[in-house]
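The values are calculated or read from the model by the stated rules, or taken from the named source; none is laboratory data. Quantities reported herein were computed from a predicted structural model and do not represent experimental measurements. A quick note on method: Cβ atoms are made from the backbone with ideal geometry, for glycine too, and the neighbour counts reach across all protein chains shown.
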Amino acid sequence: MNILVTGGAGFIGSNFIRYWLEKYPEDYITNLDALTYAGNLENLKDIESNPNYTFVHGNILDAALVDTLVEKSDKVVHFAAESHVDRSILGPEAFIETNIKGTFTLLEAVRKHKKHFHHVSTDEVFGSLSLGDTAKFTERTPYAPRSPYSASKAGSDHLVRAYSDTFQVPVTITNCSNNFGPYQHPEKFIPRMITNIMDGESIKVYGDGLYVRDWLFVKDHCRAIDSILQKGNVGDTYVVGGMSEDINNLEVAKLILDYMGVGEDRIEFVVDRPGHDRRYAVDWTKIHQDLGWEPEHHFQDWLKETVTWYKANEAWWRPLKTQAEQFYASK
Ligand code: NAD
Ligand code: TYD
């Protein structure tokens with residue numbers, strides 16, 4: 001099988017490519033990535049010389065390039081996106097371009113060449129749940145995005161479904177919860193905390209810290225996409241989540257401080273994110289019942305592993321952290 005992966009130089013895409021080539025060494029992967037600030041070929045250093053892997057430096061908005069690459073592939077797995085909520089508040093336009101128009105460009109190509117398109121989306125399209133509530137997002141939850149990031153992802157999801165309904169493009173969609181693990185950019189919450197502690201700095205907790213995310217280890221997400229590509233029902237959406245059971249940001253911060261042997265005086269409460277979604281939680285019953293998938297990696301164990309990975313890979317994250325700090329300081 002020839003798979004075209006978009007955004008494979010980012011966090012989840014690079015984990016997916018590594019996962020796939022380990023599990024299916026006969027398959028071929030082409031990685032189309034524009035190498036924005038979030039794209040990093042260092043994420044795939046161990047794979048770059050694999051004869052079954054090809055990197056193409058290009059933009060998903062480039063219709064001619066996308067058309068050529070889609071024609072040569074059997075399936076497309078679409079990760080490429082602007083993915084950080086804070087950046088979408090500082091500058092929403094790139095989110096509209098890449099997440100909506102970029103997805104449209106890909107859809108035109110898969111429509112023409114009749115290829116299976118797997119769209120990687122987020123649970124953030126469903127908006128915010130309340131604290132203390134037991135409700136969870138399902139495939140039937142109405143869309144209610146609240147940030148420019150989640151609104152742009154919602155727009156892309158609607159387009160994907162429209163191409164399925166109107167043009168019979170074979171699509172599948174995943175809406176998954178917050179991922180964590182190796183190669184996540186140090187501007188995101190968990191890596192930011194770990195790298196700040198390593199630098200002797202405070203960790204920045206937005207608002208009261210009582211925000212809840214449904215943390216999913218990145219490899220479990222890759223396994224979920226695998227099960228959908230192998231046996232998912234064309235046209236279907238699957239929500240994917242972890243098993244972290246309503247742990248809030250402050251509790252995550254305290255776990256990391258504990259693993260790193262540092263006191264809670266390092267916590268600094270900082271000004272809150274505007275429109276900050278209170279709680280995300282995912283009910284992954286459908287993918288479990290239909291495809292037998294469930295998360296395998298326990299949050300606390302793999303959080304500890306993630307701390308170990310960042311401690312061992314300072315040379316990887318250091319330049320990204322410096323660049324991100326300069327970016328935010330300039331705003
Ligand atoms: P990321 O920001 O780490 O990586 C995005 C990648 O896309 C980068 O390599 C970047 O260079 C590339 N890219 C951006 N714009 C591009 C363009 N116009 N053309 C080609 N390549 C481009 O993102 P991530 O965290 O790996 O997320 C991957 C996907 O998963 C995204 O679609 C995101 O919305 C979704 N998602 C992420 C999470 C999470 O917790 N990280 C959770 C749910 C869903
Ligand atoms: P983030 O990793 O940006 O993911 P998302 O906004 O897509 O959920 O943030 C995860 C949670 O952590 C979210 O509630 C915002 C919060 N947060 C902090 O408290 N401090 C930080 O420095 C960052 C980056 C995020």
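Look at E245 and say whether it is more than 16 Å from ligand 1 (Cβ to nearest atom) and either within 18 Å of D123 (Cβ to Cβ) or of a type in the set (A, V, I, L, M) (or both). The answer is yes for E245.
Every residue, every condition in (1) surrounded by fewer than 24 Cβ atoms within 10 Å (Cβ to Cβ); (2) at pLDDT 95 or above; (3) closer than 21 Å to K188 by Cα, yes or no:
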{"site": "I3", "(1), (2), (3)": "yes, yes, no"}
{"site": "A9", "(1), (2), (3)": "no, yes, yes"}
{"site": "E26", "(1), (2), (3)": "yes, yes, no"}
{"site": "N31", "(1), (2), (3)": "no, yes, no"}
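What is the residue count in the stretch 313-331 for residues that are in a helix (DSSP H, G or I) and more than 17 Å from F11 (Cα to Cα)? Of the residues in that region, 6 qualify. Filtering the stretch 38-83 to residues that are within 24 Å of R223 (Cβ to Cβ), in contact (Cβ under 8 Å) with a residue 60 or more places away in the chain and part of a loop (DSSP other than H, G, I, E, B) leaves A38, N40, S73, D74, F79, A80, A81, S83.
Return yes or no: is E296 surrounded by fewer than 18 Cβ atoms within 10 Å (Cβ to Cβ), closer than 20 Å to P182 by Cβ and at pLDDT 95 or above? Against the criterion (surrounded by fewer than 18 Cβ atoms within 10 Å (Cβ to Cβ), closer than 20 Å to P182 by Cβ and at pLDDT 95 or above), E296 qualifies.
When every residue of the stretch 237-255 is checked against the conditions, none turns out to be at pLDDT 95 or above, more than 16 Å from ligand 2 (Cβ to nearest atom) and assigned to a helix (DSSP H, G or I). Among the residues making up the stretch 71-84, those that are over 13 Å from L32 (Cα atoms) and near ligand 1 (Cβ under 10 Å from one of its atoms) are E82, S83, H84.
Please tell me if K101 is more than 10 Å from ligand 1 (Cβ to nearest atom) and basic (K, R). Answer is no for this residue. Looking across the stretch 26-61, just one residue is within 16 Å of ligand 2 (Cβ to nearest atom) and aliphatic (A, V, I, L, M), and that is A38.
Residue-level analysis places E124 among those that are assigned to a helix (DSSP H, G or I), within 13 Å of ligand 1 (Cβ to nearest atom) and within 22 Å of T237 (Cα to Cα).
Which one of these is charged (D, E, K, R), touching a strand residue (DSSP E or B) at 6+ places or on another chain (Cβ under 9 Å), away from ligand 2 (no atom under 11 Å from the Cβ) and not in a loop (DSSP other than H, G, I, E, B): D220, D258?
D220
Would a scan of the stretch 62-79 turn up a residue that is buried (at least 23 other Cβ atoms within 10 Å of the Cβ) and within 16 Å of ligand 2 (Cβ to nearest atom)? Taking every residue of the stretch 62-79 in turn, at least one turns out to be buried (at least 23 other Cβ atoms within 10 Å of the Cβ) and within 16 Å of ligand 2 (Cβ to nearest atom). Taking the criterion of being outside any loop (DSSP other than H, G, I, E, B) and within 9 Å of ligand 2 (Cβ to nearest atom), the residues of the stretch 199-216 that qualify are I203, K204, V205, Y206, V212.
Here is the figure for the stretch 1-16: residues that are within 14 Å of H118 (Cβ to Cβ) and either within 8 Å of ligand 1 (Cβ to nearest atom) or assigned to a helix (DSSP H, G or I) (or both) total 6. Here F117 meets each of (1) surrounded by 15 or more Cβ atoms within 10 Å (Cβ to Cβ); (2) under 16 Å from Y280 (Cα atoms) with one exception, condition (2). With the condition kept exactly as written, say whether any residue in the stretch 231-241 is over 30 Å from I3 (Cβ atoms), buried (at least 19 other Cβ atoms within 10 Å of the Cβ) and more than 16 Å from ligand 1 (Cβ to nearest atom). No.
Listed residues P186, P182; which is touching a residue at least 60 places away in the same chain (Cβ under 8 Å), farther than 25 Å from W284 by Cα and crowded, with 17+ Cβ neighbours inside 10 Å? Even if it seems obvious, please write down each step before you answer.
Working: P182 fails: farther than 25 Å from W284 by Cα.
Only one candidate qualifies: P186.
Every test in (1) assigned to a helix (DSSP H, G or I); (2) buried (at least 21 other Cβ atoms within 10 Å of the Cβ); (3) hydroxyl-bearing (S, T, Y) is passed by T166 save one, and that test is (2).
Would you check if G232 is touching a residue at least 40 places away in the same chain (Cβ under 8 Å), farther than 28 Å from A94 by Cβ and touching a His at 6+ places or on another chain (Cβ under 9 Å)? Spell out the reasoning first.
Numbers: touching a residue at least 40 places away in the same chain (Cβ under 8 Å): yes; farther than 28 Å from A94 by Cβ: yes; touching a His at 6+ places or on another chain (Cβ under 9 Å): yes.
Answer is yes for this residue.
Answer with yes or no whether R87 is within 12 Å of ligand 1 (Cβ to nearest atom) and more than 26 Å from L4 (Cα to Cα). When the stated conditions are applied, R87 passes them. Can we say T134 is more than 13 Å from ligand 2 (Cβ to nearest atom), among the β-branched types (V, I, T) and touching a helix residue (DSSP H, G or I) at 6+ places or on another chain (Cβ under 6 Å)? Against the criterion (more than 13 Å from ligand 2 (Cβ to nearest atom), among the β-branched types (V, I, T) and touching a helix residue (DSSP H, G or I) at 6+ places or on another chain (Cβ under 6 Å)), T134 does not qualify.
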